[in-house]
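Working notes for the structure below.
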Amino acid sequence: MPGSGLVSTGEAAKSIGVGRATLARWWAEGLVVPTLVTAGGHARWDVDQLRRDLAALRERDE
């Protein structure tokens, strides 16, 4: 079902150990992309996918 297992920006940030503002900035900079953006413009994140995306960024930068 679409949307199941997705969390808010604050919850996703907490799950990966960064502040909400940091994750929002990474999104604004195009470093990460939320799984879903609601009609109201709120991001919803799949934390496992976010972790994979961040791991790929680290590998790319090494």
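FYI, it's all coordinate maths here, none of it is from the lab. None of the values given here were measured: they were computed from a predicted structure. Glycine gets a Cβ as well: all are built from the backbone with ideal geometry, and neighbour counts include every protein chain shown.
Scaled against 2.2 N^0.38 Å for its residue count N, the alpha carbon radius of gyration of the chain is 1.07. Taking +1 at the Cβ of each Lys and Arg and -1 at the Cβ of each Asp and Glu, which of LEU36, GLY10, ALA56 sits farthest along the dipole of the chain towards its positive end, judged by Cα position relative to the Cα centre? Towards the positive end, the residue furthest out is GLY10. The mean sequence separation of alpha-carbon pairs under 8 Å and at least six residues apart, normalised by the residue count of the chain, gives a relative contact order of 35 percent.
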